[in-house]
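Structure first, then comments.
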Amino acid sequence: MTKTVNNRAWLLVLPVFAVVAFSAVLPLMTVVNYSVQDTFGNNQFFWNGVAWFQDLLDPSKELGGRFFEALWRNLLFSAIILAIEIPLGIAVALAMPREGWTVAVSLVLMALPLLIPWNVVGTIWQVFARGDIGLLGWGINRLGMDYNYTGDSFDAWATIVVMDVWHWTSLVALLCYAGLKSIPDAYYQAARIDGASRWAVFRTIQLPKMRRVLLIAVLLRFMDSFMIYTEPFVLTGGGPGNATTFLSIDLVKLALGQFDLGKAAAMSLVYNLIILVVCWVFYTVMTHTDASRERVEA
Amino acid sequence: MTLIVEGVSRKVGAEDHIRDVSLSLLPGSLNVLLGATLAGKTSLMRLMAGLDAPTSGRILVDGKDVTGLPVQRRSVAMVYQQFINYPSLTVYENIASPLRVARLPKAEIEARVGHAARLLKLEPYLDRKPLNLSGGQQQRTAIARALVKRASLVLLDEPLANLDYKLREELREELPKVFAASGAIFVYATTEPTEALLLGGSTATLHQGAVTQFGPTPQVYRRPHDITTARVFSDPPLNTLTARKAGATVSLSTGGDGHAAGAFAAVPDGEYTVGFRAHHLRLERPSGEPLAIPAAVSVSEITGSESFIHLDAGSRRFVALVPGVKRLDPGSAVTAYLDPRDLFLFDESGRLMAADFARAA
Amino acid sequence: MARITLDHLAHAYKPNPEGAGDYALKEINHVWSQGGAYALLGPSGCGKTTLLNIISGLVRPTRGRILFDDRDVTDLPTEARNIAQVFQFPVVYDTMTVRENLAFPLKNRGVPQDRTIARVEEIARLLDLARVLDRKASNLTADMKQKISLGRGLVRSDVAAILFDEPLTVIDPHLKWQLRSTLKEIHRALDITMIYVTHDQTEALTFADKVVVMHDGAVVQTGTPDELFERPAHTFVGHFIGSPGMNVLPCRVEGAAAYVGEGRIELTRVYPGLPEGRRIELGIRPEFAWLRSRGQGLPVRVRRIDDIGRARIARVEMDGKPLAASVPDALVIDGEEAALSVDPSHVHIYADGHLIPGEPLGRGGRP
């Protein structure tokens, strides 16, 4: 009896497999196919073995050089925005009101940036940061600083980082806020009775209780920033020079700009693999903390 | 409906949640699952409801195998420890909700809700929202909703645990009447032995996922088959000591000895674990041939009607329940008496060897 | 260590309270002496938690003062009050070991390391936590966690009082016994004022030397467990304390007898000048009312007999009113007809719910 039921359950899952096969597995196989071939147009393809991968992973080659540069930019960018958004998000969450009508207002305000489409965010900042008509760019220039995100690499980076922080810190803050709300009042009261300082309360109660949501926040922000495309594409188009050419932008340049399908396919596979590995690491860490939590509660 | 649980086990990962449980529940019966937190009460109920499937074993309803049949296709109602009601609906709408889902005619709904509300004394509150009611009334609403469905199996998972002591007492007194008015099988989980006794019916004692004994409640209480059952079914906790019988005398591990009468009369010479409940340990010498134990008072707790005296005897700690107010200074020496007719004797595997039930009222 | 004085204390959650109905806590004057064990007992919503929060400094009372010894602490925050509290659900610092948990309050107060170590060891021994000192606090059972909460209060040498807010709620019955006796032993060993809030009469009565019974925001009686049991000052106390509670029956008093319908109950006191036009009731506890065979007392109808293991309790009807009574061990009742005998010295007379003291028989007033 149990068996039939289980078999029927498998039938229900079949459509999902079908959809996944068409939407993910088939395209991926196409990419794999491209990655081991070369073409000179006219839809003629030649077997090329793992040559693209060898080129890609060798920094002395042209392809490898630009790949590692872009990868380095990606990692640096992710590290910078995590270093800013996580602490800032926690700080904002701690500062948000816990009760009263201000809760709803602050929640709506926090959610606003999250509701704006990526390309619109890029466009907003593109205008906002312009030296001639943009309020921000104009203001900074008026303060006597030489600011031009289309010409200066540092300015371009700073603008993208600030834009990302503006766009996504509220996600981190909202997640942390949810974590904070789940802490019973008794904990704060006990800490007051124990004479704990504000910092001790944060370290011994709030941070441990936020651990799980923080892991989720780090994972989401890392994945998202590692795959960033739209905003820098709209804002700087990868420039000045290659200063803000991230992996995703480079990939598009390679595949659509230069029509190097084989190289692009190899690069996207490696890119994909990196993301999968990072995902797996996070997943393992999270399930591990979950498991140890359950043991505690049991 | 008859519900038969046949050799059911459930494993989650490497852990045994339920171990080889067999029970047979009759229509119109009240069955108490008694055990500590995590003894498996909720896990067993989830299996009965069809919320979980067993790893092995079968569940039969009226002789038909329903193992693995999902909960929607069984006739089951549940009441939880938390008061679960729809906050935006009135008490009436809450009780009527399962009937509306089942698209019963309006007159039928009204009749059934009216009946359940009368039974649970909810009539004055039918137009109120649950959150404006006391905990007791909220839980009454949840119970009424479980009843109107006329499910053939009603599961109540510690339904009184979140209520104030007095509300608990009040509702507990009414529940047997409410249950008797229905022909369903009731399964009621609790951690409290006294609650099991007050509810009556049958009791299954649970320990580490296994049912240690199942039978009429007073019988399980007075004649536990093993020491685990006796422990589960004792509050204050079961007192134990070791006794050695040699011929006509008995010597106790805590010091003290006496004549091998009562339960001791029926067993051969040897060493036994003696179990006895708090009200069987007396501080005034009873008639007959009691065993005497020298002890020191560690704490006395007075409730007004009775006193709980915590005693240290040898390396053991006992609780004695004596009537009236008995204020004893900590550290003072007393003699505690045991009537050998009140004792349970267990062998080294914990199986009940002998007990004298002549006195059991 | 301190004596706690509640001086004309009252609290309303509404900003501008007018009538008595606006007060969650009606005016209370009370002194808790240093080193006593007290319980605040009452149903949900009776004001006991409000009072606890006022003592701990979480709520500032609308009126009145609260004094620790002679120091007015009404406006002091929690952390300046030298109190400790054990909550309904265990509060431990998950990331710390048991030892670090116990040392935490001392560390925060800058107590030197060597004194901290010694004190933590001492308290751990007292609470039987010594063998788990180096385990993570989050991996322990609920009763252990409650002990850690208590321990964090006890390590401080300056603690004036320890407040308990229904600390046994999440503890299994057989562990409650151990934890309760631990509390008692600690109280005896350390001479600290303890205040225990609960709705559970057994917990309140077994823990406290003095129990404060609250109802509807007001204190209805303060007394030792035996006083509350034997002479409830109000029918509410009679009902709330005892399981089952006191039987309360409308009656008429004539001389040294009370009449419930036709049934006559002898009294040991007389009540001259019982106020006219008020609700007169008699109270008798089930422990002092015994079921007898038919004809050996007031006639009653037996509805049900509950067997609670160590005793049997009969649910009977007398003149149509429900009543609980004790059943003697050997008694066998056949059918519904039975009788009731009561101990006249434990019958109390109430007017509008309040105990009327009356006068002993033979000192005037004899009919």
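The values are calculated or read from the model by the stated rules, or taken from the named source; none is laboratory data. It should be emphasised that the depicted structure is a prediction, and the values quoted were computed from it without experimental measurement. Quick reminder, even Gly has a Cβ in these numbers, built from the backbone with ideal geometry, and neighbours come from all protein chains shown.
In the range C:48-92, the qualifying residues are those that are assigned to a helix (DSSP H, G or I), of a type in the set (A, V, I, L, M) and surrounded by fewer than 22 Cβ atoms within 10 Å (Cβ to Cβ), and the one that is farthest from the other protein chains (Cβ to nearest Cβ) is C:Leu52. Has the range C:245-265 got at least one residue that is crowded, with 22+ Cβ neighbours inside 10 Å and within 10 Å of another protein chain (Cβ to nearest Cβ)? Looking through the range C:245-265, at least one residue is crowded, with 22+ Cβ neighbours inside 10 Å and within 10 Å of another protein chain (Cβ to nearest Cβ).
The number of residues in the range B:27-44 that are more than 11 Å from B:Thr205 (Cα to Cα) and not aliphatic (A, V, I, L, M) comes to 6. Checked against (1) in a helix (DSSP H, G or I); (2) surrounded by 14 or more Cβ atoms within 10 Å (Cβ to Cβ); (3) over 22 Å from the mean Cα position of the chain (by Cα), A:Val108 meets all criteria but (2).
C:Val98 - would you say it is surrounded by fewer than 21 Cβ atoms within 10 Å (Cβ to Cβ) and β-branched (Val, Ile, Thr)? When the stated conditions are applied, C:Val98 does not pass them. Sort out which residues of the range C:22-41 are closer than 13 Å to C:Ile54 by Cβ and outside any strand (DSSP E or B), and write them in order of number. Passing the criteria: C:Tyr23, C:Ala24. Is there a residue being modelled with pLDDT of 90 or more and under 30 Å from C:His187 (Cβ atoms) anywhere in the range B:263-273? No, there is no match, as no residue in the range B:263-273 is modelled with pLDDT of 90 or more and under 30 Å from C:His187 (Cβ atoms). Per the listing C:Tyr13, C:Tyr23, the residue uniquely closer than 27 Å to A:Pro184 by Cβ and away from chain A (no Cβ under 14 Å) is C:Tyr13. Residues of the range C:147-182 that are assigned to a helix (DSSP H, G or I), more than 9 Å from every other protein chain (Cβ to nearest Cβ) and crowded, with 22+ Cβ neighbours inside 10 Å: C:Lys147, C:Ile148, C:Leu150, C:Gly151, C:Leu154.
Considering A:Ile249, A:Ile193, A:Ile228, A:Ile216, the condition of being β-branched (Val, Ile, Thr) and within 14 Å of chain C (Cβ to nearest Cβ) is satisfied by A:Ile193 alone. When the residues of the range B:310-331 are narrowed to those that are over 21 Å from C:Arg312 (Cα atoms) and in contact with a Leu (Cβ under 6 Å, 6 or more places away or on another chain), which ends up surrounded by the most Cβ atoms within 10 Å (Cβ to Cβ)? That would be B:Phe318. Restricting C:Arg119, C:Arg115 to residues that are away from chain A (no Cβ under 12 Å), surrounded by fewer than 18 Cβ atoms within 10 Å (Cβ to Cβ) and not small (Gly, Ala, Ser) narrows the list to C:Arg115.
Please determine whether any residue of the range C:272-289 is within 30 Å of C:Val212 (Cβ to Cβ), surrounded by fewer than 18 Cβ atoms within 10 Å (Cβ to Cβ) and of a type in the set (A, V, I, L, M, F, W, C). Yes, there is a match, as at least one residue in the range C:272-289 is within 30 Å of C:Val212 (Cβ to Cβ), surrounded by fewer than 18 Cβ atoms within 10 Å (Cβ to Cβ) and of a type in the set (A, V, I, L, M, F, W, C). Report, by residue number, each residue of the range B:70-101 that is hydrophobic (A, V, I, L, M, F, W, C) and in contact with a helix residue (DSSP H, G or I) (Cβ under 8 Å, 6 or more places away or on another chain). Within the range B:70-101, B:Val71, B:Val76, B:Ala77, B:Met78, B:Val79, B:Phe83, B:Ile84, B:Leu89, B:Val91, B:Ile95, B:Ala96, B:Leu99 qualify. Of all the numbered requirements in (1) part of a helix (DSSP H, G or I); (2) away from chain B (no Cβ under 14 Å); (3) not aromatic (Phe, Trp, Tyr), A:Glu99 misses one, and that requirement is (1). Within the range A:39-68, which residues are touching a residue at least 40 places away in the same chain (Cβ under 8 Å), under 24 Å from A:Phe246 (Cα atoms) and not in a loop (DSSP other than H, G, I, E, B)? Correct list: A:Trp52, A:Phe53, A:Asp55, A:Leu56, A:Leu63, A:Arg66, A:Phe67. Taking the range B:28-87 as the region of interest, the strands (runs of 3 or more DSSP E) fully inside it that hold 1 or more residues being modelled with pLDDT of 90 or more and farther than 26 Å from B:Thr217 by Cβ are B:56-61. Summed over the range B:252-282, the residues that are in a loop (DSSP other than H, G, I, E, B) and touching a Phe, Trp or Tyr at 6+ places or on another chain (Cβ under 8 Å) give a count of 0.
Would you check if B:Leu311 is without any contact (Cβ under 8 Å) to a residue 60 or more places away in the chain, part of a loop (DSSP other than H, G, I, E, B) and farther than 24 Å from C:Gly245 by Cβ? The answer is no for B:Leu311. Of all residues in the range C:180-210, those satisfying the criterion of being under 8 Å from the mean Cα position of the chain (by Cα) and of a type in the set (Val, Ile, Thr) are C:Val197, C:Thr198, C:Thr202. Mind listing whichever residues of the range C:214-239 are among the charged types (D, E, K, R), more than 12 Å from chain B (Cβ to nearest Cβ) and in a helix (DSSP H, G or I)? Selection gives nothing. Flag set for C:Lys145, criterion: in contact with a Pro (Cβ under 6 Å, 6 or more places away or on another chain) and among the basic types (Lys, Arg).
Checked against (1) away from chain C (no Cβ under 14 Å); (2) in a loop (DSSP other than H, G, I, E, B), B:Ser287 passes all but condition (1).
Kindly evaluate B:Thr228 against the criterion of being part of a helix (DSSP H, G or I) and closer than 22 Å to B:Leu352 by Cα. Here the answer is yes, as B:Thr228 does meet what is asked.
Of the strands (runs of 3 or more DSSP E) contained entirely in the range C:281-367, those carrying at least 3 residues that are among the aliphatic types (A, V, I, L, M) fall at C:298-307, C:312-318, C:321-327, C:337-342. Restricting the range A:174-207 to residues that are touching a residue at least 12 places away in the same chain (Cβ under 8 Å) and in a loop (DSSP other than H, G, I, E, B), the residue that is surrounded by the fewest Cβ atoms within 10 Å (Cβ to Cβ) is A:Ser182. Being touching a Pro at 6+ places or on another chain (Cβ under 7 Å) and surrounded by 20 or more Cβ atoms within 10 Å (Cβ to Cβ) is true of B:Val148.
Number of residues in the range B:143-201 that are part of a helix (DSSP H, G or I) and either more than 9 Å from every other protein chain (Cβ to nearest Cβ) or in contact with an Asp or Glu (Cβ under 7 Å, 6 or more places away or on another chain) (or both): the value is 24.
Can you list residue pairs whose Cβ atoms sit under 6 Å apart, with the first residue in the range C:196-213 being more than 7 Å from chain B (Cβ to nearest Cβ) and in a loop (DSSP other than H, G, I, E, B) and the second being among the aliphatic types (A, V, I, L, M) and surrounded by fewer than 24 Cβ atoms within 10 Å (Cβ to Cβ)? Count only pairs 6 or more apart in sequence or on different chains. Filtered contacts from the range C:196-213: C:Ala208/C:Ala37; C:Asp209/C:Ala37.
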